[in-house]
Amino acid sequence: MATKKLSSIVNKTNRQWAWQFLRRNRVYRDAYAFLASLREEQRAVFEKLIRGQLDSYAENWSQLGSLPVKLFDRNYLWNEKDENKTLDEYVKISRKRFLKAKKHYLSIAEDVDDLILRVMPEFRADQYGLFEWIDPGIEEMTAEQADAIWFYSVPMEATLVRAPWLDDKDISFEKSDWKGVGREVLLGIKEAVEIDSGGVKNKINRPVQSEILPLKRGINGAIFIMDNFSSPPSFHPVDGQRIPIGRDPEPLSLDGDTLVRATFDARLPIEYQIEAVKNYLAEQQKELQEAGFIDALPSRKGRQGVFASYVAILDLHDQGVSDLDIAIKLRKLEREVYTDAQGKEHRSYVDPIRPDLATSQEHTSAIRKQLERARRLRDHGYRSLALQMD
């Protein structure tokens, strides 16, 4: 996206406001700056890794090995403490550890291909609800541009998943529907090899379902993978296609307090099931909000003035302006000075809109509450805002 600064837009959409809050998010700004500091070839191989397009780490090690350890979850890298090391430096040090321990260690090619490289969430654009990284220096964007940057891929799984790449592999189904094929066949790397499920050995750091998957064939010859939901893959939409995200050695699980999984039956009316799930989600959301586990969704009512105030409060606070001065500036407070019976001067501030707020403490308290709500939108609420319908 071009970084051309557009004229200020008064009436913004939810997604335009969401961008205003995200571009002020410190974690996002720092992550963007760090990725932008990488060399072009480093960014290219990192993007391939994110999209699961690296069949072999070893074959791409000249670029992959130059990536900083900081980009990855170090729980899977011997809790490496030096985030400034490169992956190549980490591997070489790890080999020395093996030598000191007098243990057998693998060749460099096998070493790196057995690495578990899990990208830290802050370095994934989709974790912010974005299709791709957007320069936080872009101050304004049109409604059309804002509509194009946001996305949320609703996790959807089916018991039978169509696998068209297996149709021409000449797989036999004579003995049983529960036949497995090797990982290479599933990825289309090698010729079809039928593997008996009882004789498959799980390989280290690879999902079981990549080694042995039960298959079913329809009367039209179409082959489907049977998924028991124990280890559903993660996908990223690219040009209308769903591609796997990286190598994730752990199954996706419902380990978040806010996650809900619904199972639909394609034989039954879709509208009825969607309505039932919608009602359940609404009630669940209400219960979690009332219990304090999640914040209430930002309201659309009067958003133009409220969100504009939030953005202004965030900027002024970052500039070091005091809460009282913020209130004076944004609310156009009128200062009144009076002298009491003892001859002592007192100052009060009158808000033309909220005359009930008389003391400076009341004004600053109101600003602090708004600052708290603004921070919630900046730090995580922007995603909910971006997905709300205008």
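The values are calculated or read from the model by the stated rules, or taken from the named source; none is laboratory data. Here the structure is a predicted model, which means the values were calculated and not measured. No Cβ is skipped: glycine too gets one built from the backbone with ideal geometry, and neighbour counts run over all protein chains shown. Surface areas here come from the heavy atoms of the whole protein model, side chains and all, with no ligands, DNA or RNA. Shrake-Rupley method; radii C 1.70, N 1.55, O 1.52, S 1.80 Å.
Rounded to 0.05, the FRET efficiency of the residue 267 and residue 321 pair, given R0 = 41 Å and the Cβ-Cβ distance, is 0.10. For segment 336-342, the Karplus equation 6.51 cos²θ - 1.76 cosθ + 1.60, evaluated at θ = phi - 60°, returns couplings of 10, 10, 9, 10, 7, 4, 8 Hz by residue, with Gly and Pro reported as x.
Sorting 37, 66 on solvent-accessible area from highest to lowest, probe radius 1.4 Å, gives 37, 66. Karplus-derived 3J(HN,Hα) values for segment 21-35, using 6.51 cos²θ - 1.76 cosθ + 1.60 with θ = phi - 60°, are 7, 5, 5, 9, 6, 5, 4, 5, 4, 5, 5, 4, 5, 5, 5 Hz; glycine and proline are entered as x. Among the listed pairs 12/286; 70/329; 12/369; 48/369; 48/92, a Cα-Cα separation exceeding 32 Å is found for 70/329; 48/369. Peptides 161-169, 258-266 ranked from most to least packed by the mean count of surrounding Cβ atoms within 10 Å: 161-169, 258-266. Per-residue packing, averaged as other Cβ atoms within 10 Å, sorts the ranges 12-24, 309-321, 279-291 into the order 12-24, 309-321, 279-291, beginning with the highest.
The modelled label-to-label distance for the pair residue 285/residue 366, using points 7 Å beyond Cα in the direction of Cβ, is 3.0 nm. Residue separation of residue 277 and residue 168 scaled by 0.36 nm, minus their Cα-Cα distance, works out to 35.4 nm of gained length. Ranked from largest to smallest solvent-accessible area, with a 1.4 Å probe on the protein heavy atoms, 56, 365 come out as 365, 56.
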